[in-house]
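The values are calculated or read from the model by the stated rules, or taken from the named source; none is laboratory data. None of these values were measured; they are calculated from a predicted model. For neighbour counting, all protein chains shown are included, and Cβ atoms are generated from backbone atoms with ideal geometry for every residue, glycine included.
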Amino acid sequence: MSKVEQLHVKTQSHVQAAKKRKQKDTLAIIGFVAPAFIIYGIYVIYSIFMTFYYSMFDWTGIDSNMTFLGLGNYLTLLQDDVFWTSIKNNFILVIASLFTQLPIGLIMALLLFSPVKGMRLFRSVYFMPFLMSTVAIGILFIFIYEGNYGLLNAILGAVGLESLQNAWIGKESTAIWAVIATVSCSLRHFI
């Protein structure tokens, strides 16, 4: 066998080994990714499809009577004032969160990385709420905003501003602003 033929055989064996290795790697990747895709497909994609399917019917979810309405439920939704109020409130919440969280996040980032003595303590205190769950933060703010015995009303009463005491979450005029303050103060806006 000539040298050229030997090189050709070696090259072919290297190519075949590389192909086998690539096939093994591909099978390993599929083996690791497939369970996640299957679970995602069952619990997310299938749920979205079934939600859309059931939204086309007049159905209580309990009995077997299902009357097909097509897009009738969506037309009813678009004519509902509560739906449009919810859309407006969500829009206000997003805009207000954007204009409060971005500046606060930028200022806090500058403070956190400034060379000031005692910065480690400040960082520890600042990042503590990141360890709290969203549910715990929500419960904490319920105690702050409570109409009769809440911390905010107690502070307003202590400084002589009883006229500003309010049922913060219970009144339509203040509820959205209380939620915006809660979202903005939950310290989830570090950039």
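The table for this structure:
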{"read-out": "Which numbered condition Thr60 misses (of (1) assigned to a loop (DSSP other than H, G, I, E, B); (2) at pLDDT 90 or above)", "value": "(2)"}
{"read-out": "Residue that is surrounded by the most Cβ atoms within 10 Å (Cβ to Cβ) [pool: residues in segment 111-139 that are in a helix (DSSP H, G or I) and either polar (S, T, N, Q) or at pLDDT 85 or above (or both)]", "value": "Ile139"}
{"read-out": "Condition broken by Asp81, with the remaining ones in (1) closer than 30 Å to Thr51 by Cβ; (2) surrounded by 13 or more Cβ atoms within 10 Å (Cβ to Cβ); (3) without any contact (Cβ under 8 Å) to a residue 12 or more places away in the chain satisfied", "value": "(2)"}
{"read-out": "Residue within segment 36-47 that is over 23 Å from Ala178 (Cβ atoms), surrounded by fewer than 11 Cβ atoms within 10 Å (Cβ to Cβ) and not hydrophobic (A, V, I, L, M, F, W, C) present", "value": "yes"}
{"read-out": "Flag for Val179 being within 30 Å of the chain's Cα centre (by Cα), in a helix (DSSP H, G or I), modelled with pLDDT of 85 or more and not basic (Lys, Arg)", "value": "yes"}
{"read-out": "Which numbered condition Gly170 fails, given (1) over 30 Å from Tyr74 (Cα atoms); (2) part of a loop (DSSP other than H, G, I, E, B)", "value": "(1)"}
